[in-house]
Amino acid sequence: MKRIYAIESVCMNCQLCAVFCATGHSRSKDIIKAHNREKVLPRLFVEEKRPVSFAVQCRHCDEPFCVQSCITGALTKSLEGPVVYAEEKCVGCWTCVAACPYGAIRRDVDRKKIAKCDLCAELTEPACVANCPNQALVYEERGS
Amino acid sequence: MYTLLQPDFRIKRDEERCIRCGVCVRQCAFDVHSVDTDDGSIRSDESKCVACQRCETLCPTRALTLEENYHVANENYNWTGGVLKNIWKQAETGGVLLTGMGNPRPYRIYWDHLVLNASQVTNPSIDPLREPMELRTYLGSKPDSVEVVKENGSLKLKTKLAPQLRLDAPFLFSAMSLGAIGYNVQEAMARAATEMGIYWNTGEGGLHKDLYKYGKNTIVQVASGRFGVYKDYLDAAAAVEIKIGQGAKPGIGGHLPGEKVGDLVSMTRMIPAGTDALSPAPHHDIYSIEDLSQLIYSLKEATEYTKPVSVKIAAVHNVAAIASGIVRAGADIVAIDGIRGGTGAAPTMIRDNVGIPIELAIAAVDQRLRDEGIRNRASILAAGGFRSSADIIKAIALGADAVYLGTAALVAMGCHVCQKCYTGKCNWGIATQDPYLERRLNPDIAAERLSNLIHAWSHEIMEMLGGMGINAIESLRGNRLHLRGVGLSKTELDILGVRHAGAS
């Protein structure tokens, strides 16, 4: 399946990937509203230890620990490949957060839900990849 | 000491647009922006701002606007704001004013006073989209005459030609050394030059091993510091250039501070890490044309006469006579860098006041070499502030063979000409060795942007040539009848060898 990969050598730690991720997952899809009013959380983390940085999203693992650990069935591995998240089933137990070896699942503490990369299913290219100003994220098939 | 200097710029942040994402904070190497931990708002300390526009460009909501801070209320025609600030700065530091990039002073830019010709009625213009148009040119020494012999019914060249550089378009990327600029920038130039069939120049800082594979499109420099010069370096290149001077700082040397000499620069320059890299003002073995000739022929011997040798000088008062000497000393190419040529670091007073404009230098050198009957013995490369395809085609009509692009190439890659190259904190990842900053220049993107620029300018030159009814760039070279001056004095026109507009 196609996955998002970070090219660490040209990641410049601007973290615009997170900005556009949050915008893409907002109700308004408006960058200012998404951040100043809706307070949407990005579905990715930028790991930073200068000079190195890179974005980490859900890896959509072939054998996902989060799916195995989910107590309500909110996380499932789809046949097409992505790990799919059904928000309405999530009870905010954070078991998946603890299980994820990449630390790619974010806690939405206020809403007692998790927030996780869905590869921007409705777009042809995930928002983080499309908006990276330095082409430090690619969305491609590399085999598993 | 309490500073009398007010900030040069003003940063306006539209609080309604600011989403406090912190891009500006993380991207500014001058630490202008910071997060107020009390309320999460972002503050800006304008006194540190250099107006590189990195924050403005990357701000995803366009919340930032940079403005000039006009605050010197008493400035007048003689005592301008800039002059006052320089004095305050020096009164506070006691130091030489340093700067980067090319001369910003309002010396006349002759390109803007020269206009091109076009065909109307009496001679046909050429459409480059429908008819052949040749931008290819060759740099190197041309013979006084050519002899051909007939062999088996076909003609063969009997004269042995000197080594030549083949350029698919009349551009080269200027000498910018590893140290002054980052590795990624050199890689981008090397890749773009290879793709476009042109050349890039290593500058005086040696050639990194990983770039040897681009050697066919590389000119290596031998300067007064002799950094990284050894057999493999000369062998890897397509041509060798002896750097005598540079347009931004004629007559003075270079100084790369030790903090920029990390492992990569140290290895490439072949000097210990952390030591200052000093380029003496003169070559200590060159005090005359005869001495220069010895170095030219040493390099020719070392490369077994397979590569052209270029000599680069700054355009100064006696440039024509010096160029004549350089040609007679055996150089295949004379590169001339004008007063607007750029630099990674130079004393401001030198950059702004020493040298002559490249337009006058090209005309003077071309005419002198023609008058002496030695113009064919060397190609002329012009450098120093070329901004567009129009400047370049005018330079070729004045007598240049091809043009070096330094600042234009950097601007294509993202440079915003803030003139702070010497600080090593280039926020665009160009003039820096800082691993946090240099990764901002993605060589894939930069190489593509350079190739695009060369492609675009090549097309424009073809269109302008076609308009003049010329189908090869070599037919325009030194053809000053295709230029006319506008608003120039008789002296200027005489030196340029150009008639005034309206004169037939």
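The values are calculated or read from the model by the stated rules, or taken from the named source; none is laboratory data. Note that the structure is predicted; figures quoted are calculated from it, not measured. Cβ coordinates were reconstructed from backbone atoms using ideal geometry, including for glycine residues, and neighbour counts include every protein chain displayed.
If only one of A:LYS49, A:LYS29, A:LYS2 is more than 30 Å from B:ASN184 (Cβ to Cβ) and either surrounded by fewer than 19 Cβ atoms within 10 Å (Cβ to Cβ) or more than 10 Å from the chain's Cα centre (by Cα) (or both), which one is it?
Being more than 30 Å from B:ASN184 (Cβ to Cβ) and either surrounded by fewer than 19 Cβ atoms within 10 Å (Cβ to Cβ) or more than 10 Å from the chain's Cα centre (by Cα) (or both) holds for just one of A:LYS49, A:LYS29, A:LYS2, which is A:LYS29.
Being more than 8 Å from every other protein chain (Cβ to nearest Cβ) and surrounded by fewer than 22 Cβ atoms within 10 Å (Cβ to Cβ) is the filter; apply it to region A:7-25 and report the residue that is nearest to A:GLY143 (Cα to Cα).
A:ILE7
Take the conditions surrounded by fewer than 22 Cβ atoms within 10 Å (Cβ to Cβ) and away from chain B (no Cβ under 14 Å) and apply them to A:PHE54. Does it pass?
So A:PHE54 does not fit the description; no.
Being buried (at least 23 other Cβ atoms within 10 Å of the Cβ), in the same structural domain as B:LEU410 (by TED's automatic domain parsing) and assigned to a strand (DSSP E or B) narrows it down to one of B:VAL327, B:VAL265, B:VAL334, so name that one.
Result of the check over B:VAL327, B:VAL265, B:VAL334: B:VAL334.
What tally of residues in region B:304-318 results from selecting those that are of a type outside the set (Lys, Arg) and under 21 Å from the mean Cα position of the chain (by Cα)?
Adding up the residues that qualify gives 9.
Filter region B:5-23 for residues that are among the hydrophobic types (A, V, I, L, M, F, W, C) and assigned to a strand (DSSP E or B); which is nearest to the chain's Cα centre (by Cα)?
Only one residue tops the list, namely B:PHE9.
Of everything in region B:225-277 that's of a type in the set (Val, Ile, Thr) and touching a Pro at 6+ places or on another chain (Cβ under 9 Å), which residue is nearest to B:GLY205 (Cα to Cα)?
B:VAL261
Among the residues of region B:136-189, count how many are part of a helix (DSSP H, G or I) and free of Cβ contacts under 8 Å to residues at least 12 places away in the same chain.
So the answer is 0.
Looking only at region A:26-47, count every residue that is β-branched (Val, Ile, Thr) and facing chain B (nearest Cβ under 8 Å) and tell me the total.
2
Here is a list: B:ILE356, B:ILE333. Which entry is within 17 Å of the chain's Cα centre (by Cα), in contact (Cβ under 8 Å) with a residue 40 or more places away in the chain and more than 15 Å from B:ASN103 (Cα to Cα)?
Criteria check complete, one pass: B:ILE333.
Determine if region B:147-154 includes at least one residue that is in contact with a Pro (Cβ under 9 Å, 6 or more places away or on another chain) and more than 30 Å from B:ALA408 (Cβ to Cβ).
No, region B:147-154 contains no residue that is in contact with a Pro (Cβ under 9 Å, 6 or more places away or on another chain) and more than 30 Å from B:ALA408 (Cβ to Cβ).
Which numbered condition in (1) part of a helix (DSSP H, G or I); (2) within 14 Å of chain A (Cβ to nearest Cβ) is the only one that B:GLN90 fails?
(2)
Could you pull out the residue among B:VAL417, B:VAL403 that is surrounded by fewer than 23 Cβ atoms within 10 Å (Cβ to Cβ) and not acidic (Asp, Glu)?
Of B:VAL417, B:VAL403, the one residue that is surrounded by fewer than 23 Cβ atoms within 10 Å (Cβ to Cβ) and not acidic (Asp, Glu) is B:VAL417.
Condition check ((1) surrounded by 12 or more Cβ atoms within 10 Å (Cβ to Cβ); (2) without any contact (Cβ under 8 Å) to a residue 40 or more places away in the chain; (3) more than 30 Å from B:ALA400 (Cβ to Cβ)) across all residues:
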position	(1), (2), (3)
B:ARG54	yes, no, yes
B:LEU58	yes, yes, yes
B:LYS85	yes, no, yes
B:ASN103	yes, no, no
B:ARG108	yes, no, no
B:HIS113	yes, no, no
B:SER119	yes, no, no
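Applying the selection to region A:22-60, what residues are assigned to a strand (DSSP E or B), small (Gly, Ala, Ser) and over 24 Å from A:MET1 (Cβ atoms)?
A:SER53
Search region B:196-210 for residues being surrounded by fewer than 24 Cβ atoms within 10 Å (Cβ to Cβ) and in contact with a Leu (Cβ under 9 Å, 6 or more places away or on another chain), and hand back the single one that is nearest to B:ILE430 (Cα to Cα).
B:HIS208
Filter region B:424-460 down to residues that are crowded, with 24+ Cβ neighbours inside 10 Å and within 25 Å of B:GLN120 (Cα to Cα), then give me how many there are.
Final tally of qualifying residues: 1.
Counting residues that are within 14 Å of another protein chain (Cβ to nearest Cβ), which helices (runs of 4 or more DSSP H) fully inside region B:384-448 reach at least 1?
By residue number, B:407-413, B:435-438.
State the number of residues belonging to region B:17-32 that are in contact with a Ser or Thr (Cβ under 9 Å, 6 or more places away or on another chain) and either more than 13 Å from chain A (Cβ to nearest Cβ) or under 19 Å from A:GLU38 (Cα atoms) (or both).
7
So B:ARG105 passes all but one of these: (1) more than 30 Å from B:LEU493 (Cα to Cα); (2) more than 14 Å from chain A (Cβ to nearest Cβ). Which condition number does it fail?
(1)
Exactly one of (1) more than 13 Å from chain A (Cβ to nearest Cβ); (2) buried (at least 20 other Cβ atoms within 10 Å of the Cβ) is unmet by B:HIS71. Its number?
(2)
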